[in-house]
Amino acid sequence: MARHVLKTSPIPMKTKLLHQIGLSLYSTSHGFHEEEVKRKLEQFPGGSIDLQKEDSGIGILTLNNPSKMNAFSGVMMLQLLEKVIELENWTEGKGLIVHGAKNTFSSGSDLNAVKALGTPEDGMAVCMFMQNTLTRFMRLPLISVALVQGRALGGGAEVTTACDFRLMTTESEIRFVHKEMGVIPSWGGATRLVEIIGSRQALKVLSGALKLDSKKALQIGMVEEVLQSSDETECLREAQEWLQQFIKGPPEVIRALKKSVSSSKELCLEEALQTERDLLGTVWGGPANLEAIARKGKFNK
């Protein structure tokens, strides 16, 4: 009977939507007009978001605006969305490293854009744009890690929370400086921070009472490991080596695994179980599964 119910139960609309690549949180029904926001952001050039896709299946996303501590210009926000869309369609991808150029992560939003987009309406529009982008980033079927060298401030700190894991160097720090600017996180960072370290610790961090240097971040579970090297190239190599432990295996299996974990964070139990079932159907009896069975047999060492 249970099997029959599972086969015939309609899939809830939210589950169906989560299966779709490129789903956004906001639309015109929320008062969000994406093309209008894009036209505004285009007025603030500077820097770039660079993507390198390795044969190993690891993508390297670089926040590149070193003259401003890799602050996000309007154009960089647009480019981030473009790179996320490119990664959504990278079927050979398994992992992703996000880092900043020249030994620092990101200082958040470029103040030139912040000053020019000073109305509540503009603030809400950019908030919805970046929440859309980083939610799509978080749902990528790639196991992601933020490599924090130097400082991750404000919006930069929020970007780290959209990754599955975080690595820091000894002298680096993560600071949510929004309160000092008279605002709160607006790119989804507060919500994701609570999921990572819990509500009590999140309140300490967001209020500024708890400073996240590498030692404290490791202690409360904000980061997985503190890397010993401070050299930009060597740190990136260490991060790639660290990520390798999670992405051994065929892309279709790693990607299905990540999708299953992502759905469990956003759906109720029944919907998450149905999603896991559907994802299993994409790999069970597939090439990797059949090869593993032929090679090992069941539980043979």
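The values are calculated or read from the model by the stated rules, or taken from the named source; none is laboratory data. Keep in mind that this is a model prediction, so the values were computed, not measured. Backbone-built Cβ (ideal geometry, glycine too); neighbour counts: all protein chains shown. Accessible surface areas use protein heavy atoms only, side chains included; no ligands, DNA or RNA. Shrake-Rupley method; radii C 1.70, N 1.55, O 1.52, S 1.80 Å.
Express the carbon and sulfur contribution to the solvent-accessible surface of the chain as a percent, rounded to the nearest whole number, probe 1.4 angstrom. Write down the numbers at each step before the final one.
On the way: 8660 of 15570 Å².
In the chain, the share of accessible area belonging to carbon and sulfur is 56 percent.
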Per principal axis, largest first, the Cα atoms of the range 81-149 extend in Å by 42, 27, 14
If packing is taken as the mean number of other Cβ atoms within 10 Å per residue, what is the order of 162-174, 206-218, highest first? 162-174, 206-218
Based on Cα coordinates alone, diagonalise the gyration tensor for the range 196-301, multiply each eigenvalue by 5, take square roots, and list the semi-axes in whole Å, largest first. 35, 23, 11
Compute from the Cα atoms of the chain the Rg and the Dmax, the latter being the longest Cα-Cα distance, and quote both in angstrom. 20.1, 64
Options Ser214, Ser73, Thr119, ranked by Cα towards positive dipole end of the chain, top entry (Cβ charges): Ser214
List the residues whose amide H sits under 5 Å from the amide H of Phe44, counting only those 5 or more places along or on another chain, with H placed 1.01 Å from N in the peptide plane. Gly74, Val75
If you place +1 on the Cβ of every Lys and Arg and -1 on the Cβ of every Asp and Glu, how big does the dipole about the Cα centre of the chain come out, in debye to the nearest 20? 940
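Suppose all protein chains stay in the model; what accessible area per residue would a 1.4 Å probe give for the range 252-295, in Å²? Present the calculation step by step, with values, prior to reporting the outcome.
Values: 2720 Å² over 44 residues.
Computed with neighbouring chains in place, this is 62 Å² per residue.
Tell me what the chain gives for mean residue ellipticity at 222 nm when only DSSP H runs of n ≥ 4 count, each as -39,500 (n - 2.57), the sum divided by the residue total, rounded to 500 deg cm²/dmol. Spell out each step's value before the answer.
Values: 14 runs with 146 residues, N = 301.
Computed ellipticity for the chain at 222 nm equals -14500 deg cm²/dmol.
How much FRET efficiency would the formula 1/(1 + (r/R0)^6) give for Thr170 and Ala116, where r is the Cβ-Cβ distance and R0 is 35 Å, rounded to 0.05? Before the final figure, lay out the partial values.
Values: r = 37 Å, r/R0 = 1.06.
Calculated value: 0.40.
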Before anything else, pin down the relative contact order of the range 29-248: Cα pairs under 8 Å, at least 6 apart, normalised by residue count, whole percent. 17
Tell me the Kirkwood radius of the range 252-295: reciprocal of the mean inverse pair distance over distinct alpha-carbon atoms, in Å. 11.0
The range 133-219 -> Rg/Rh from Cα coords, Kirkwood Rh, value 0.94
